[in-house]
Structures are given as structure tokens and as C-alpha cells.
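Novice: Below: one structure in C-alpha cells.
None of the figures in this text is laboratory data; all of them are computed from the coordinates on show. Owing to the predicted nature of the structure, the values given are computational and were not obtained by experimental measurement. Here the Cβ positions follow ideal geometry from the backbone for every residue, glycine too, while neighbour counts run over all protein chains shown.
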Ligand SMILES: C[S@@+](CC[C@H](N)C(=O)[O-])C[C@H]1O[C@@H](n2cnc3c(N)ncnc32)[C@H](O)[C@@H]1O
């Protein structure tokens, strides 16, 4: 079972179980509800989130995965971009409890609308859009430090529903390489997420 140390003991963010060990409380990180957890379950090797990391999270939705990253980067900051007002309202309630989550109501296609965030160590993207690679690169060009990581949850069916997912993943890898990134690994998220893969790239 994957767990993160709960930075808000006694509080759940979704339907995760709370697990106690000594005086510590952990939250179950449910791999069927979080693509990052699914990637870990399927052998993800690169994990650049540390206690002090600054993270730009694109497509934060109601905060399931952001809340676990918030637990991990306990002394860092997670800037969370989401453009759907209804889910953002729910997310704000999570962010009110977790001071290292910073909600940003904006379109991730327009990083010029949130220039104040400054440099980040990781850009994590889960937006399920046809131009998801371009969105990740645009944000990374602006905010990601040299040597930082761009991690994209690729939804192949958002790019081309008729194409074989593995071909789509290769095309995405090529786009990232052409943009000057080193592709570290691609982890297929089946059977937990149909036709999804996590691509990890490093900015040189
Ligand atoms: C698959 S959900 C994200 C789930 C979330 N990452 C998690 O693991 O808890 C995708 C989210 O991306 C948001 N989104 C899609 N396109 C976007 C864009 N251009 N800018 C900001 N948010 C976007 C959607 O509104 C949706 O909430």
C-alpha cells in the first residue's frame, strides 16, 4: 500500500483510508484514483519531489494527487493551475487546510497569466488535452529550472482516439526531445488507467 504522511492529521481529502503508526498518521495514496500513484505502482524510477521542492501542477482538479504531493513537499510549495471554476471551488477548500497548496484559477495554455510564481523544480501536468505536450513545454520554458523535471500524464485518447496508445507515447517523447528535453522514462499506467502513460523528461 502506498502512503503519505498526513500533514493535516485527522483529515481526509477524498475517500482514502487513514493509517496510524505510533504517533504518525498516514493517508493511503490510492493508485486507482491518482495517476502518479499508478505510475509508482508500475515502477516509476524518477521521483523528483522532495521535502523542499517547488512544484507547478497543471490540472489540479479537486486535489486528489496535489494533496499527496503537498504531504511530500512539506516545506515546499505546490502551485496548482485549474481552469474549471466548479472543481476549483472544491479545491480551494482543500487548499485552505494545506498552506503549501496555492490555487490558481487560470488556463494552463497561458502561463503569462501567472508569471509571479517564479522558478520551480518540477512541472507536473495532467490536463487531458490534445496539446498536452505543448502545454507542458510552454510552462516549463517559462518556469522550470535547468535540471528540473517535466512529468506529463499522457492521455492518448485526448490526442488521437483512433491511434495505438504506444504510437502516441512515442510521438510525445519525440516532441519533448525536439524541444530539448531528455526523456528519462515512460511508464504505462495500464491496468489502472486505460490508454495513459506517465512521461518523465528532464530540462538540460
Ligand atoms: C484528469 S483531471 C486531473 C486530476 C488530478 N490531476 C488528480 O490526479 O487529482 C484534469 C483536469 O485538468 C483540467 N484542465 C484541462 N485543461 C486545462 C487547462 N488548459 N488549464 C487548466 N486546467 C485544465 C480539467 O478541468 C480537469 O480538472
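Novice: Note down the Stokes-Einstein diffusion coefficient of the stretch 1-154 in µm²/s, whole number, using a Kirkwood radius over alpha carbon pairs, 10 °C, and 1.306 mPa s.
Specialist: Reported coefficient: 102 µm²/s.
Novice: Same structure again: Any chance you could run the full-extension gain for residue 146 through residue 87? It's 0.36 nm times the residue separation minus the Cα-Cα distance, nm to one decimal.
Specialist: The span from residue 146 to residue 87 would gain 18.0 nm if fully extended.
Novice: Here's a follow-up. Would you mind getting me the FRET efficiency between residue 20 and residue 185? Use the beta-carbon distance for r and R0 = 30 Å, nearest 0.05.
Specialist: Calculated transfer efficiency: 0.30.
Novice: Another question about this same structure. Quick one: helix 85-97 against the long Cα principal axis of the chain, what's the angle to the nearest 10°, folded into 0 to 90?
Specialist: Its long axis makes an angle of about 40 degrees.
Novice: What residue among 163, 173, 25 shows peak mean-square fluctuation when the chain is described by a Gaussian network model with Cα springs under 10 Å?
Specialist: Looking only at 163, 173, 25, the largest GNM fluctuation is found for 163.
Novice: Set the Förster distance to 30 Å, then compute FRET efficiency between residue 134 and residue 2 from the Cβ-Cβ distance, nearest 0.05.
Specialist: E(calc), rounded to 0.05, equals 0.45.
Novice: Would you look at the GNM of the chain, springs on alpha carbons closer than 10 Å, and say which of 22, 148, 76 moves the most?
Specialist: Comparing 22, 148, 76 in a Gaussian network model of the chain, the most mobile one is 22.
Novice: Of 165, 66, 115, which is the most mobile in a GNM of the chain whose springs link Cα atoms less than 10 angstrom apart?
Specialist: Looking only at 165, 66, 115, the largest GNM fluctuation is found for 115.
Novice: Taking a ≥ b ≥ c as the square roots of the eigenvalues of the Cα gyration tensor of the stretch 1-71, is the shape rounded (a/c under 1.5), prolate (a/b larger than b/c) or oblate?
Specialist: It is rounded, given that a/c, with a ≥ b ≥ c, falls under 1.5.
Novice: Something else now. Note the full-extension length gain between residue 158 and residue 12 as 0.36 nm times their separation in residues minus their Cα-Cα distance, in nm to one decimal.
Specialist: So the extension gain works out to 49.5 nm.
Novice: Helix 165-178 versus the longest principal axis of the chain: what is the Cα-based angle in degrees, 0 to 90, to the nearest 10?
Specialist: The two axes meet at around 80 degrees.
Novice: By counting other Cβ atoms within 10 Å of each Cβ, how are 88, 198, 1 ranked from fewest to most?
Specialist: Arranged by neighbour count, lowest to highest, 88, 198, 1 become 1, 88, 198.
Novice: Normalised by the residues of the chain, what does the relative contact order come to in percent, with Cα pairs under 8 Å and at least six apart?
Specialist: 18 percent
Novice: Shifting gears a bit: Could you work out the helix-only [θ] at 222 nm for the chain, with each DSSP H run of four or more residues adding -39,500 (n - 2.57) and the total divided by the number of residues, to the nearest 500 deg cm²/dmol?
Specialist: -8500 deg cm²/dmol, from helical runs alone.
Novice: Decide, for the stretch 78-204, between rounded, prolate and oblate: order the square roots of the alpha carbon gyration tensor eigenvalues as a ≥ b ≥ c, take rounded if a/c falls under 1.5, and otherwise choose prolate if a/b is larger than b/c, else oblate.
Specialist: The shape class here is oblate.
Novice: Something else now. For the chain, take the longest principal axis of its alpha carbons; what is the angle in degrees between that and the long axis of helix 132-143, to the nearest 10 within 0 to 90?
Specialist: Result, in degrees: 70.
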